[in-house]
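Okay, so here's the structure we're looking at.
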Amino acid sequence: SKSQLTYAVRAESHPNPLARRLFQVAEAKKSNVTVSADVTTTKELLDLADRLGPYIAVIKTHIDILSDFSEETITGLRTLAEKHNFLIFEDRKFIDIGNTVQKQYHNGTLRISEWSHIINCSVLPGEGIVEALAQTAQSPDFPYGSDRGLLILAEMTSKGSLATGAYTSASVDYARKYHSFVLGFVATRALGEVESSVAPAEGEDFVVFTTGVNLESKGDKLGQQYQTPKSAVGRGADFIIAGRGIYAAPDPVEAAKQYQKQGWEAYLARVGG
Ligand code: S5P
């Protein structure tokens, strides 16, 4: 695994342009924080993005929970992503046959391909979902070039998750098979030890995003299970994802700084800094 290497080193050697950019952003801002901005109006979303922008590497959205999604949402997010140098990750969790996910990703009501650098999918439908999303993003008429990438949802943080065992192994298989589009995983740990029937490419370097990160709480009443930034990074997270721990804190900016500090210190400890 490359998790002992610095983001700067990984940025230099990574074959995927978006992964390079992700590591460069982390290095430049000294942040491996993804804020999960699960608010329900465009104003709240853009407000959070602007206030937290300086402290985060990525903003994760659930764009379909907004009550007022419009052109203004897209323009606002894109402008703030440039202003603060962060990437956008729409957590749509595609999970359908290839023909359907292509239409959900590109065009449609939400126009996800237009504004979201990173998307994710479940491999429950099988290999075809990854193939379909890669095909769309790598087609010669796709307007956003190599500035797009996919994370495979290889595990989940909720109690009783069925994303384990053969499902997680298949996640690694398809990531390897479609490594030119797959950036890595949403998972609770590095997946190097997981059995896979596909051999790794030379220099393989999948990026691990870990959700379910919270400094104050162990979980919620609906089965969410939390770990701390330190624990997540120790288990192999390259980017920690925090939602309510940040946006529902009394002072979200102070909270974002706390997660940034703890996530970065854990990263430095891991790379021996
Ligand atoms: O396994 C998972 C995968 C994801 S993407 N568990 C999760 O909680 N998520 C998402 O991370 C979830 O949809 C939510 O947007 C965020 C966690 O939010 P929090 O408020 O519990 O930190």
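When segment 162-202 is examined, which residues are found to be among the polar types (S, T, N, Q), surrounded by 14 or more Cβ atoms within 10 Å (Cβ to Cβ) and in contact with a helix residue (DSSP H, G or I) (Cβ under 7 Å, 6 or more places away or on another chain)?
Once the filter is applied, which keeps residues that are among the polar types (S, T, N, Q), surrounded by 14 or more Cβ atoms within 10 Å (Cβ to Cβ) and in contact with a helix residue (DSSP H, G or I) (Cβ under 7 Å, 6 or more places away or on another chain), segment 162-202 yields only Ser196.
Scanning segment 126-144 for residues that are in contact with an Asp or Glu (Cβ under 9 Å, 6 or more places away or on another chain) and under 18 Å from Tyr167 (Cβ atoms), which turns out surrounded by the fewest Cβ atoms within 10 Å (Cβ to Cβ)?
Within segment 126-144, the match that is surrounded by the fewest Cβ atoms within 10 Å (Cβ to Cβ) is Glu127.
Identify, from the list Ala170, Ala154, the residue that is within 11 Å of the ligand (Cβ to nearest atom) and of a type outside the set (Phe, Trp, Tyr).
Selected residue: Ala154, the only one of Ala170, Ala154 that is within 11 Å of the ligand (Cβ to nearest atom) and of a type outside the set (Phe, Trp, Tyr).
Out of segment 28-47, which residues are closer than 24 Å to Ala237 by Cα, of a type outside the set (A, V, I, L, M, F, W, C) and away from the ligand (no atom under 16 Å from the Cβ)?
Of everything in segment 28-47, those that are closer than 24 Å to Ala237 by Cα, of a type outside the set (A, V, I, L, M, F, W, C) and away from the ligand (no atom under 16 Å from the Cβ) turn out to be Lys29, Lys30, Ser31.
Of a type outside the set (Val, Ile, Thr), under 17 Å from the mean Cα position of the chain (by Cα) and surrounded by fewer than 19 Cβ atoms within 10 Å (Cβ to Cβ): which single residue out of Asn85, Asn32 fits that description?
Just one listed residue meets the conditions, Asn85.
Taking Ile112 as the residue in question, decide whether it is within 16 Å of the ligand (Cβ to nearest atom), more than 28 Å from Trp264 (Cβ to Cβ) and hydrophobic (A, V, I, L, M, F, W, C).
Yes.
Just to be sure I understand, how many residues within segment 193-251 are within 18 Å of Arg270 (Cβ to Cβ) and polar (S, T, N, Q)?
Total satisfying the criteria: 4.
Cβ-Cβ under 8 Å, sequence separation 6+ or interchain: first residue in segment 3-22 and among the hydroxyl-bearing types (Ser, Thr, Tyr), partner surrounded by fewer than 18 Cβ atoms within 10 Å (Cβ to Cβ). Which pairs?
Sorted first by the residue in segment 3-22, then by its partner, the pairs are Thr6/Glu27; Thr6/Val271; Thr6/Gly273; Tyr7/Glu27; Ser13/Gly203.
I'm trying to understand the selection: among the residues of segment 88-109, which are within 16 Å of the ligand (Cβ to nearest atom) and either surrounded by 18 or more Cβ atoms within 10 Å (Cβ to Cβ) or in a loop (DSSP other than H, G, I, E, B) (or both)?
Ile88, Phe89, Glu90, Asp91, Arg92, Phe94, Ile95, listed by residue number.
If you check Gly272 against the conditions, is it surrounded by fewer than 18 Cβ atoms within 10 Å (Cβ to Cβ), at positive phi and at pLDDT below 95?
It is true that Gly272 is surrounded by fewer than 18 Cβ atoms within 10 Å (Cβ to Cβ), at positive phi and at pLDDT below 95.
Restricting to segment 241-256, name every residue that is closer than 23 Å to Ile118 by Cβ and either touching a Leu at 6+ places or on another chain (Cβ under 7 Å) or assigned to a helix (DSSP H, G or I) (or both).
Arg244, Gly245, Ile246, Tyr247, Pro252, Ala255, Ala256
Would you check which residues across segment 173-196 are hydrophobic (A, V, I, L, M, F, W, C) and within 12 Å of the ligand (Cβ to nearest atom) and list them?
Phe185, Val186, Ala187
Mind listing just one residue for me: the one in segment 222-273 that is touching a residue at least 60 places away in the same chain (Cβ under 8 Å), closer than 18 Å to Thr188 by Cα and among the hydroxyl-bearing types (Ser, Thr, Tyr) and, of those, nearest to the ligand (Cβ to nearest atom)?
Here the residue is Tyr226.
Assess whether Asp205 counts as being away from the ligand (no atom under 13 Å from the Cβ), touching a residue at least 12 places away in the same chain (Cβ under 8 Å) and either within 19 Å of Ser3 (Cβ to Cβ) or surrounded by 14 or more Cβ atoms within 10 Å (Cβ to Cβ) (or both).
Yes, satisfied.
Any residue in segment 142-170 that is within 12 Å of Ala187 (Cα to Cα) sitting within a Cβ distance under 7 Å of a residue that is aromatic (Phe, Trp, Tyr) and within 16 Å of the ligand (Cβ to nearest atom)? List the pairs, counting only those 6 or more apart or interchain.
Sorted first by the residue in segment 142-170, then by its partner, the pairs are Leu151/Phe185; Leu151/Phe209; Ile152/Phe185; Ala154/Phe185.
The values are calculated or read from the model by the stated rules, or taken from the named source; none is laboratory data. Note that the structure is a prediction, hence the values are computed from the model and not measured. Backbone-built Cβ (ideal geometry, glycine too); neighbour counts: all protein chains shown.
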